[in-house]
Amino acid sequence: MAKKRTPKVKTEKQIEALSKISAAISSELYLEDILRLIVTVTAEVMNSNICSLMLLNEERNELEVKATQSISEEYLKKPPIKIGEGIAGRVLKEGKVIISRNVKKDPNYSNRDIAIKENLTSLLSMPLIVKGKVIGVLNCYTSKLHKFTNQEIAILTTVANQAAVAIRNTELLVKSKVIQEELEARKVIERAKEVIMQEKNLNGEEAYKRMRKQSMDSRRSMREIAEAILLAKEIEKQ
């Protein structure tokens with residue numbers, strides 16, 4: 001009887017895990033907290049002794065560990081991986097799932113010394129894809145030889161997709177915030193420029209040049225200079 005219930009219990013556990021991840025993505029948590037929750041929940045549902053999420057550092061063309069539930073000092077300090085190098089590097093380059101039956105004996109695995117020390121055996125490595133672009137890799141390790149099932153691969157695919165959505169949403173949020181701040185700065189600068197034009201009888205280009213010079217001389221942003229001009233004008237009116 002117990003064996004018959006196991007698949008159902010496991011499926012319910014997987015659904016619950018995916019629900020937690022979905023809830024986290026739609027919450028107001030910081031990206032770091034969302035990614036940490038993703039690897040923690042994934043490790044639990046996949047019975048993984050180490051689950052890690054690596055993101056591409058585009059300036060260095062390297063994969064860096066951004067989240068893991070592991071407390072292993074060795075794993076946390078492992079060096080970044082170049083695109084195309086090792087298993088994770090190949091997953092990033094090719095955009096395909098790669099499974100290693102035993103990373104301790106796999107010549108394609110980059111950190112076999114860490115694998116031996118931390119007892120890492122089977123690995124399922126999944127690409128994180130946003131709008132057709134591979135931005136990172138999700139890794140799940142087991143401590144014993146393990147044949148990953150189609151269901152497990154499907155679960156990790158879903159998790160990887162959700163992680164990619166969380167990262168994409170954060171990027172869009174940051175981008176929209178930057179754009180909003182730029183628009184607000186332009187409005188403030190324009191208002192300050194008009195004040196100078198009226199007070200100093202200058203045209204727009206001359207007024208802007210004067211503000212820019214003051215910005216460079218004082219090592220303050222154009223917005224800070226503009227806000228100071230507007231504040232002085234307000235004080236003058238009182």
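The values are calculated or read from the model by the stated rules, or taken from the named source; none is laboratory data. Note that the structure is predicted; figures quoted are calculated from it, not measured. Glycine also receives a Cβ, built like all others from the backbone with ideal geometry; neighbour counts cover every protein chain displayed.
Overview of results
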| read-out | value |
| --- | --- |
| Scope segment 106-147; condition in a loop (DSSP other than H, G, I, E, B) and under 30 Å from residue 169 (Cα atoms); matching residues | 131, 132 |
| Near pairs, Cβ below 8 angstrom, 6+ apart or cross-chain, from segment 180-198 (at pLDDT below 85) to any residue that is of a type outside the set (Asp, Glu) and part of a helix (DSSP H, G or I) | 185/222; 185/223; 185/226 |
| Any hit, segment 224-233, residues being within 33 Å of the chain's Cα centre (by Cα) and either of a type in the set (A, V, I, L, M, F, W, C) or modelled with pLDDT of 85 or more (or both) | yes |
| Filter result for the condition that a residue is free of Cβ contacts under 8 Å to residues at least 24 places away in the same chain, in a loop (DSSP other than H, G, I, E, B) and more than 20 Å from residue 44 (Cα to Cα), over 60, 90 | 60 |
